[in-house]
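The values are calculated or read from the model by the stated rules, or taken from the named source; none is laboratory data. Please read all numbers here as calculations on a predicted model, not as lab measurements. Cβ: placed from backbone, ideal geometry, glycine included. Neighbour counts: every protein chain shown.
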Amino acid sequence: MSNENITHLLRQWREGSDDALEALTPLVYDQLRRLAGRIFNGESQGHTLQPTALVNEVFERLVDKDIDWQDRSHFFALSSRLMRRILVDHANARLAQKRGGDAIRVSFSEESLRARSADLAEVLSLDEALNELASFDSRKSRALELHYFAGFSYKEIARALRVAESTVHQDLRTAKAWLNNRLSR
């Protein structure tokens, strides 16, 4: 289905059409599942949040919102931001549990515990770094978020941010270098 059809269905859904939501769901759900799978590709096998659960959470949050959908890019940009927020919230909750916030105690091997803590710490470090970047250059932070979390191509990022594709190339090159430097500290 074309981007225009998805945009049309998004707008019909906003106007209250249950039929539009029913037609839209399998189209965007599959794409969201691919995005989530891409995000989880580098994660450890023991991650407690799985791609399907992430997509379900994103979709559940979006269904009840009254959003004036501009187009397909707007939908996936907002979805990527929600994915990031959910992953950060999940990492914070898991770290809180490890600090004694959970009544059930389970023993892990030291190696397993280090790996899980590293995954959670990486999510939180990435979020902190993106927030820091956004504090002085929101466009570069947003471009990184769209590229990493939404899997947007440079062309899609350019459209979403309303800038030239060459600007996206430059922004991502600069933002990735800054992020690399920031995360290596």
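Contact map, the range 120-131: residues that are among the hydroxyl-bearing types (Ser, Thr, Tyr) paired with residues that are surrounded by 21 or more Cβ atoms within 10 Å (Cβ to Cβ), Cβ distance under 8 Å, separation 6+ or inter-chain. No pairs are found. When the range 162-176 is filtered for residues that are of a type in the set (Gly, Ala, Ser) and surrounded by 14 or more Cβ atoms within 10 Å (Cβ to Cβ), only ALA175 remains. Within the range 156-183, residues that are touching a residue at least 40 places away in the same chain (Cβ under 8 Å) reach partners that are among the small types (Gly, Ala, Ser) and not in a helix (DSSP H, G or I) with beta carbons closer than 9 Å, at six or more positions or on different chains, in the pairs GLU156/ALA150; ALA160/ALA150. Among all positions in the range 41-57, there is at least one residue which is at pLDDT 85 or above and surrounded by fewer than 17 Cβ atoms within 10 Å (Cβ to Cβ).
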